Amino acid sequence: MRRGELFNLVAIFHSYKCDEGWSPFGDTSELTERFMDACRQVKELRDKMETWKMWGVCDREPGKNWTNRRATLLGDAAHPMLQYLAQGAGQAIEDAVDLGEALRFTKGDVQQAFQKCQQARYLRTGRVQLTARFYGDIYHASGVQRGLRNQMFQGGHESAGLAGLKWMYDGIEPSKLFQ
Ligand SMILES: Cc1cc2nc3c(=O)[nH]c(=O)nc-3n(C[C@H](O)[C@H](O)[C@H](O)COP(=O)(O)OP(=O)(O)OC[C@H]3O[C@@H](n4cnc5c(N)ncnc54)[C@H](O)[C@@H]3O)c2cc1C
């Protein structure tokens, strides 16, 4: 990042500590402890981190109404999701594209466009929210769940995993939304 000056490393784990905001620094000893049993390469990377910031991540139950007359929400405000599918910004951009299409279709009738856009979006964004939760459970599995996960993925290849997310990566076709 920043023309090669910075290397951004993200580590995800469950913690009981959480400060609101974008800038709280994390506790290095907690990071060390959480990745105590990690493989050598991960530990080497972890030990290169001098400081790290900690973000609490959270989502909400999927909703279907984030519009009130001439006010609507887009992105995280409408459908906050966990990061396991790296889709927060992706879905926010899709919202914007669909809203543009809805405004074109309604010839600038804002209230109608907001309703149409919301109707077109809520099942897809809800599916991403719920699927991200599911992937979180898989990634952080422990005990029998972990054993079962490892057995199921053993011998699998990357494309098999991605096949289950085809609906998401296939994207949207805004021009066919409102006909
Ligand atoms: C560490 C991390 C990694 C991520 N990686 C990915 C990834 O790989 N792929 C992906 O798709 N997504 C990723 N995301 C998620 C993505 O960043 C968010 O989903 C996305 O930024 C949401 O966009 P948004 O426009 O809805 O909200 P935001 O980007 O949060 O924008 C909201 C804006 O509103 C401003 N604001 C807040 N309150 C007020 C106020 N009262 N008045 C005026 N302005 C205000 C904020 O300052 C902010 O600029 C990641 C997030 C994090 C934290």
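Bear in mind that the values in this text are calculations on the coordinates, not laboratory data. None of these values were measured; they are calculated from a predicted model. Here the Cβ positions follow ideal geometry from the backbone for every residue, glycine too, while neighbour counts run over all protein chains shown.
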Paramagnetic reach from PHE134 in the stretch 165-179 [backbone N under 19 Å; point 7 Å along Cα→Cβ]: 165-172
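Quick one: net charge of GLN119's neighbours, Cβ under 12 Å, K/R +1, D/E -1?
+3
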Among GLN151, MET54, ILE93 - extreme Cα towards positive end, dipole of the chain, charges at beta-carbon: ILE93
Which far-off residues, 5 or more places away or on another chain, put their amide H under 5 Å from the one on GLY26, with H placed in the peptide plane? TRP52, LYS53, MET54
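Could you order peptides 87-95, 140-148 by the average number of other Cβ atoms within 10 Å of their residues, highest first?
Output ranking for 87-95, 140-148: 87-95, 140-148.
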Taking 2.2 N^0.38 Å as the expected size of a compact globular protein, what ratio does the Cα radius of gyration of the stretch 21-179 give against it, to two decimals? 1.32
What net charge do the residues around ILE172 carry, taking every other residue with its C-beta under 12 Å from that of ILE172, with Lys and Arg at +1 and Asp and Glu at -1? -3
Whole-angstrom gap from the stretch 107-179 to the stretch 1-57, using each part's C-alpha centre: 26 Å
In debye to the nearest 20, the charge dipole size for the chain, taken about the Cα centre with +1 at each Lys and Arg Cβ and -1 at each Asp and Glu Cβ, equals 500 debye
Give me a comma-separated list of calculated 3J(HN,Hα) values for the stretch 17-25, in order, Karplus coefficients 6.51, -1.76, 1.60 applied at θ = phi - 60°, integers in Hz, x for any Gly or Pro. 8, 7, 10, 5, x, 9, 10, x, 7
Compute the signed sum of charges (Lys and Arg +1, Asp and Glu -1) over the other residues within less than 12 Å, Cβ to Cβ, of LEU103. 0
